[in-house]
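**Q** Let me give you the structure first, and then I'll get to my questions.
The values are calculated or read from the model by the stated rules, or taken from the named source; none is laboratory data. Given the structure is predicted, the values throughout are model-derived calculations rather than measurements. Note that we place each Cβ from the backbone using ideal geometry, even for glycine, and neighbour counts take in every protein chain shown. Side chains are part of the model used for accessible areas, which takes the heavy atoms of the whole protein and leaves out ligands, DNA and RNA. Shrake-Rupley method; radii C 1.70, N 1.55, O 1.52, S 1.80 Å.
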Amino acid sequence: MTVFVIRRLMQSILVLFAMSAIVFFGVYVVGDPVEILVSHEADEAERARVAAALGLDRPVWVQYFAFLENALGGDLGKSFVFGIPAIQLILQRMPATFELVIVSFVIAVGLGIPLGMYAGYRPNSAGAKTIMAGSILGFSLPTFWVGLMLIMIFAVEMQILPAGGRGPVGSFLGMQSSLFSWTGLGHLFLPALNLALFKLALVIRLARAGMRETLLLDYVKYARAKGLAMRRVVFVHVLKNIMIPIVTVLGLELGSQIAFSVVTETVFAWPGMGKLIIESIDKLDRPVIVAYLLVIVVIFVLINLVVDVLYSVLDPRVRLAAKA
Amino acid sequence: MTEPLLRVEELRTHFFTRAGVVKAVDGVSFALERGRILGLVGESGSGKSVTGFSILGLVDPPGRIAGGRILFKGRDLAALPEREMRKLRGAEIATIFQDPAMTLNPVLRIDTQMIEAVVAHAGAGEETARGRALAALRKVGIPAPEERLRAYPHQLSGGMRQRVAIAIALMNEPDLIVADEPTTALDVTIQGQILYEVQRLCRETGTALIWITHDLAVVAAIADEIAVMYAGRIVEYGAAAEVLDRPRHPYTAGLLASVPSRNRKGAPLAQIPGMTPSLLDPPPGCLFRTRCARASAACAADPPPAGGAHAFRCHHPLEAA
C-alpha cells in the first residue's frame, strides 16, 4: 500500500513535467501575449519594453528552462495581467469552486443513489419510469440553458434565491466558506444544483443498472434464502456491490468538475477556478494557465489515488498492486 | 399415522411468460419424514430446482405457485405471506446452493454473512451469533475457524466455501435443508467429503434433507428415498434401493444405463435419444413418449399413478424383477 502510493506519486511528477512542457509551448504557439497586454496605439519601443519586463523577449526554450528552474523552487511565475503570483490567484479562487463541487456532489449522490436503487428495485412502477425519464432530461438538457432556467424560475419569477455571485462567507474551525453562512448557502444552491444535474442523471442510471443486475445474482437469492429482510439484502448485499462503478465514474467527474465547471460558473457569475482559466486563456496569461493545469494534474492524481484506495475498501478482491 | 415433516401435494409452479405458460413443475407430490434424505433427480430443466425454490418461497416472477399445497409442520407454505415465509427461511428451512463461489457475497466477510443469518432469526446479539458461527464452522470440519471468519469468500477454496455454506445452513438448527446440486461444482474427492459430512450432520441433528441433483451416483450414496423428475413431474418415486435396483419407469432405467461404469468398459455408452421437451404449453399424456422405446398410442393419455410405495407413472412399466 505504501509502496503503491509512493510509486503513484513518482509517476505523477513525470506527468507534471510533461504537462508543463506541453502547455508552455502550446500557449506560446497560440499567440503573443504582448499583443493583448499593450494597447494598439503603443509603439515598437513600448512593446519591446513590456516583452522584456515579462521575459518574453528571450527564445521560448530559454523561457521554459527559466520557468522550470523557478518552478522547482516553488515559484510558478507571476500573472501577466494581475502581476501577482499565479498560484496565489488560483488558491484564492479554489474555495469557491470546492464548495460548489462539494454541494453538487452531495446532491448527486444523496439523491441519485436512492432514486436509482428504487428505479432498479421496482423497474415497472410509475415512480421508476418518472425517475428514468427525468434522468434522460438531466443528460440531454444543456447546462447553460438549465442554469438560465433556474435563474428565471427561482431568482426572477419566485425571487426566493439569488441569481448569481458568491454570498457572504461564514467561519467554522478557522475555515472560511459560504457553506457556513445561511445566505452563502442560498447563493450556492442554484449553481450547485445546476452542476449536479448531469451527475445526478449519471448516478441514477448507474445505480439502477447495478441494482437490476445484482438482484438477479445468486448471492442475492442466497441472502434471501437465509431469511434476511429485504432491507438488509438491498442496503448491505447489493449496495456495496453497486458502489464500485459509481465510485469510478464519480472519481473521474470530480476532477473535471473542479477544473472545468466553466459553464455553470459563468452563468451564475461564480468566482471560481473555471472562470479564472477561461479569462486567462482569453488574455493568454501563460503563467496562470500553466500553473492552473499543473494544479489540476495534482488534483487528478490525488483523486485517482483516493478512488483506487476506495476500490480496495469496497471490493476485497482488488489488491493495490505496486506495479499499477 | 403421524403427519410427516413436509408433504408436497400436487404442486404446480408455472412461469407466465409472454410466449405462454411454462409448466416447470406440474403436479409434484412427495413426503419427507424428519431426519430422512430425499434425492430429487432429473436432467436440467426437469423442474427439480424450481421444486426446491417453491418450497423456499423463492420463485421469482413471472413464476409463481399456481396450485397445490406445501405442508410443512402442518402449515401450507404455498399460502403463507412473504413476511411469515421470511421467518421460516434460513431458520426452519435452510438451503445450500450449487456454486459456493456465486452464493457467498464477494464483498462481505464470512463472519458478516454468518452472523447476519443468526441475527435475522434468533434475535441473538452479535457476540452470541459469532459464537454460533464458530461452533458451526468447527462442526463442518473447518480448521482454524477464527481465521476463516475474518476471510473473504475468494480467499477460501471451493470445498471450503461449500463447507461454510453448509455451516450457515446448520447454524439455526433447521428442520429441513434444501440442497440444490451442492457438490456439482466440486472435485470428486471434495464431493465425497461433503457428502459424508452432510449425511453425518443430518443423522446427528435429525434434519431432513432434499438433495437435488442430476447425479445418480450421489443420490445412491446418501438418499433414503428417490424421486425421479421428468418434464415437471415425478415419474418414479420410492425407496432408494428399490428405484435404483428395480426401476419401473423407462426414463429411470435410461438414466441408470447412461451412468458410465467400469463393468461395461469398452461397450458404447447408452444414452436416452432426443432432448427434454419444451415445457411451454406441454401436450397432455406422458411427455417422455417421444423418446421412449416402449411408447404406444396409449401414451397420449396421462398415465395413472401406479405401484403404491414404489410409485411410477407409466403405461408400459418395466417388469418388477
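**Q** Under a GNM of chain A (C-alpha, springs under 10 Å), which listed residue has the highest mean-square fluctuation: A:LYS275, A:LYS240, A:LYS199?
**A** With Cα springs under 10 Å in chain A, the top fluctuation among A:LYS275, A:LYS240, A:LYS199 is at A:LYS240.
**Q** Using the Cα atoms of region A:245-312, I'd like the radius of gyration and the largest Cα-Cα distance, Dmax, both in angstrom.
**A** Every Cα atom of region A:245-312 included, Rg and Dmax give 13.7, 44 Å.
**Q** Tell me the per residue accessible area of the protein assembly as shown using a 1.4 Å probe; a whole number in Å² is fine.
**A** Heavy-atom SASA per residue in the protein assembly as shown reads 47 Å².
**Q** Could you state the angle between the C-alpha long axis of helix B:126-139 and the longest principal axis of the C-alpha atoms of chain B, as a value from 0 to 90 degrees rounded to the nearest 10?
**A** Roughly 50 degrees between the two axes.
**Q** Please give the per residue volume of the convex hull enclosing the alpha carbon atoms of region B:170-289, rounded to a whole number of Å³.
**A** Enclosed volume per residue, from the Cα hull, is 152 Å³.
**Q** What percentage of the solvent-accessible surface of region B:159-295, computed with a 1.4 Å probe over protein heavy atoms, is contributed by carbon and sulfur atoms?
**A** C and S atoms contribute 53 percent here.
**Q** In addition: Using the Kirkwood formula on the Cα atoms of the protein assembly as shown, what hydrodynamic radius do you get, in angstrom to one decimal?
**A** 30.2 Å
**Q** A:MET10 label point, 7 Å along Cα→Cβ, cut-off 17 Å on backbone N: hits in region A:284-321?
**A** Under cut-off, by backbone N: A:321.
**Q** Tell me which DSSP H helices of chain A clear both cut-offs, 20 Å or more of axial length from alpha-carbon atoms and a mean Kyte-Doolittle hydropathy of at least 1.6.
**A** A:2-30, A:286-314
**Q** If you don't mind, another one. Inside 10 Å of the C-beta atoms of A:306-317, what's the mean count of C-beta atoms belonging to other chains?
**A** 2
**Q** A follow-up question, please. Using the C-alpha gyration tensor of region A:177-280, what are the square roots of 5 times its eigenvalues, in whole angstrom, with the largest one first?
**A** 39, 16, 10
**Q** What trypsin sites (Lys or Arg not before Pro) in region B:213-321 are in a loop by DSSP, with at most 10 other Cβ atoms within 10 Å of the Cβ?
**A** B:LYS265
**Q** How long is the gain from B:ARG75 to B:LEU318 if the chain were fully straight, where each residue apart is worth 0.36 nm and the alpha carbon distance is subtracted?
**A** Once the chain is fully extended between B:ARG75 and B:LEU318, it gains 83.7 nm.
**Q** For A:ALA48 and A:GLN176, FRET efficiency with R0 = 51 Å and r from the beta-carbon atoms, rounded to 0.05?
**A** After rounding, the FRET efficiency stands at 0.75.
**Q** At 1.306 mPa s and 10 °C, plugging the Kirkwood radius over alpha-carbon pairs of chain A into Stokes-Einstein gives what diffusion coefficient in µm²/s?
**A** It diffuses with D of about 70 µm²/s by this estimate.
**Q** Using mean Cβ contacts within 10 Å as the protection proxy, how do B:209-220, A:146-157 order, highest first?
**A** For the peptides B:209-220, A:146-157, the packing ranking is B:209-220, A:146-157.
**Q** How are the alpha carbon pair distances in region B:1-97 distributed across 10 Å bins from zero to the largest one, expressed in percent?
**A** Spelled out per bin, shortest first, that is 15, 49, 31, 4, 0.
**Q** In vacuo Debye scattering of chain B, one point per C-alpha: log10 I(q)/I(0) at q = 0.09, 0.11 Å⁻¹?
**A** Relative scattering, expressed as log10 I(q)/I(0), comes to -0.49, -0.72.
**Q** Using a 1.4 Å probe on protein heavy atoms only, how many Å² of accessible area do B and A hide from each other, summed over both chains and rounded to 100?
**A** Approximately 2300 Å² gets buried when B meets A.
**Q** In addition: For chain B, what is the charge dipole size about the Cα centre, in debye to the nearest 20, if Lys and Arg each add +1 at the Cβ and Asp and Glu each add -1 at the Cβ?
**A** Rounded to the nearest 20 debye, it is 360 debye.
**Q** I've got another one for you. Taking all pairs of different Cα atoms in region B:251-321, averaging 1/r and flipping that mean, what Kirkwood radius in angstroms comes out?
**A** Taking every pair of different Cα atoms in region B:251-321, averaging 1/r and inverting gives 14.0 Å.
**Q** Percent of accessible area on chain A owned by carbon and sulfur, 1.4 Å probe?
**A** Answer for chain A: carbon and sulfur cover 69 percent of the accessible area.
**Q** I'd like the carbon and sulfur percentage of the solvent accessible area for region B:1-74, probe radius 1.4 Å, heavy atoms only, ligands and nucleic acids excluded.
**A** The C+S portion of the solvent-accessible surface of region B:1-74 is 51 percent.
**Q** How large is the translational diffusion coefficient of region B:176-229 in µm² per second when you combine the Kirkwood radius over alpha carbon pairs with Stokes-Einstein at 20 °C and 1.002 mPa s?
**A** 187 µm²/s
**Q** So for region A:116-222, what percent of the C-alpha to C-alpha distances run longer than 18 Å?
**A** 62 percent
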